[in-house]
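Participant: Just passing along the structure, written as structure tokens.
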Amino acid sequence: MKIITVLAALVALSWPCVSFAEAQKTDAIAHVGEGVVVIEGGDYIDARQRAKDKALRDAIWRAVVSLSSPDQTEKNKAAITSQIINNAIDFVHSYKFNDEKIDLTNTSYYVSLEVSFFANNISAALEKIGMQLAESPKAVVVVDDRPMGNITASGYLLTSSPTENMISEAVEWAGLKAVNRTKLRALKNDDEIMRAIKGDTASIKWLADQFKAGIVVVGATNAVEVSGKIIGTVSLKIFDGKTAELLWVKDISESLESTDQTDKFKTIRLAAEKMRDETAGFITRRMASKKGPG
């Protein structure tokens, strides 16, 4: 256990880690990779390096598959390996350790990495190989922030939503194409959209089907004054687009010592920034469950 702790500390110091706000300034996609190797001759440092390299290769395989297709990836595996996988570090924007374990029983070393890649760079490399790029899977994103203003249901989608925009950024950072109120307006069915936000199964399926979206992300904001504090809350739910199964629920609140009602918007923004990170993390982990080759 002592060995694991020391090595983890070394890893934390030697590997770059950036915030979501920094990462989303670039065209980046994130994937999780895993690597397991046998510890040879009791050399834990060597095993850690090999497991780390294997996890990075696993992550970039997943990125390649998400940007093209499993069939194309398999057909062009040799070229992808020589031009992209073997040079994986050249495509990395940032990365961090999710987990690191030493199994003394099986003498193995396990590493899990969350890696953010430059999507445009990988796409360009794939096109150079002669591969066609796949259309990004979609996610519907809609956040009800009417409690922050006097907006009627009929005019709900006509105004912009900073919170919805932040969650859309998280969705796209994780590799999906966000469909938000800009396109939802064209549906001209606010009532159905509002039912979806409230969790109505049929409405969620209907909303996902309009855009062939794999997931539907719905939420709401609220801010109240309590005992000299302004407390802002962002609540979010993520549903499977086909089944309307509830996949994830999260509530995040931020507060300020204030009685100024204009600070309600500030607390909502602070909560939304944290929710953006949490949302990106969940979607990234969910997408990582789809194994890539290699």
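A short reminder: the numbers here are calculations on the coordinates, not readings from a lab. Note that this is a predicted model, so its numbers are computed, not measured. Every residue, glycine among them, receives a Cβ derived from its backbone with ideal geometry; neighbour counts consider all protein chains shown.
Participant: Please figure out what share of the DSSP beta bridges in the stretch 138-284 is antiparallel and state it in percent, rounded to the nearest 5.
Facilitator: Expressed as a percentage, antiparallel bridges in the stretch 138-284 total about 70.
Participant: How far apart, in nanometres, would the label points at V226 and K274 be if each is projected 7 angstrom from Cα along the Cα-to-Cβ direction?
Facilitator: Simple spin-label model gives 1.3 nm for this pair.
Participant: Would you tally the net charge around G241, using a Cβ to Cβ cut-off of less than 12 Å, leaving G241 out, and scoring K and R as +1, D and E as -1?
Facilitator: Counting the neighbours of G241, the net charge comes to +1.
Participant: Residue by residue through the stretch 238-250, what is 3J(HN,Hα) from phi via Karplus (6.51 cos²θ - 1.76 cosθ + 1.60, θ = phi - 60°)? Round to whole Hz and write x for glycine and proline.
Facilitator: 10, 10, 5, x, 7, 9, 6, 5, 6, 9, 7, 9, 8
Participant: Report the charge-dipole magnitude of the chain in Debye, nearest 20, computed about the Cα centre from +1 at each Lys and Arg Cβ and -1 at each Asp and Glu Cβ.
Facilitator: So the dipole magnitude of the chain works out to roughly 500 debye.
Participant: Please order Y109, Y95, Y44 by the number of other Cβ within 10 Å, starting at the fewest.
Facilitator: So the ranking, lowest neighbour count to highest, is Y44, Y95, Y109.
Participant: What is the chain's relative contact order, in percent, from Cα pairs under 8 angstrom and six or more apart in sequence?
Facilitator: Rounded, it is 19 percent for the chain.
Participant: Right, next: Give the angle, between 0 and 90 degrees and rounded to the nearest 10, that separates the Cα long axis of helix 162-173 from the longest principal axis of the Cα atoms of the chain.
Facilitator: Roughly 20 degrees between the two axes.
Participant: Continuing with this model, one more query. Given the C-alpha centroids of the stretch 230-246 and the stretch 103-136, what is the distance between them in whole angstrom?
Facilitator: Rounded to whole Å, the Cα centres lie 28 Å apart.
Participant: Where does each of E34, E40 land when they are ranked from fewest to most other beta-carbon atoms within 10 angstrom?
Facilitator: E40, E34
Participant: Further question: In which sequence would D145, D260, D240 go, from the one with the fewest C-beta neighbours within 10 Å to the one with the most?
Facilitator: Ordered by Cβ neighbours within 10 Å, fewest first: D260, D240, D145.
Participant: Okay, next question. Roughly how tilted is helix 2-14, in degrees to the nearest 10 and between 0 and 90, from the longest Cα axis of the chain?
Facilitator: So the inclination is approximately 70 degrees.
Participant: Return the label of the correct value of mean projected area of the Cα convex hull in nm², as calculated from the structure shown, out of (1) 20.5; (2) 18.4; (3) 16.2.
Facilitator: Calculated mean projected area of the Cα convex hull in nm²: the matching label is (2).
Participant: Please label the shape of the stretch 23-154 as rounded, prolate or oblate, based on the square roots a ≥ b ≥ c of the eigenvalues of the alpha-carbon gyration tensor (a/c under 1.5 means rounded; beyond that, a/b larger than b/c means prolate, else oblate).
Facilitator: oblate
Participant: Give me the angle, in degrees from 0 to 90, between the Cα long axis of helix 44-67 and the longest principal axis of the Cα atoms of the chain, rounded to the nearest 10.
Facilitator: On a 0 to 90 degree scale, this one is about 50.
Participant: Where does the chain land at 222 nm, in deg cm²/dmol rounded to the nearest 500, when only DSSP H runs of n ≥ 4 count, each adding -39500 (n - 2.57), divided by all residues?
Facilitator: Rounded to the nearest 500, the figure is -13000 deg cm²/dmol.
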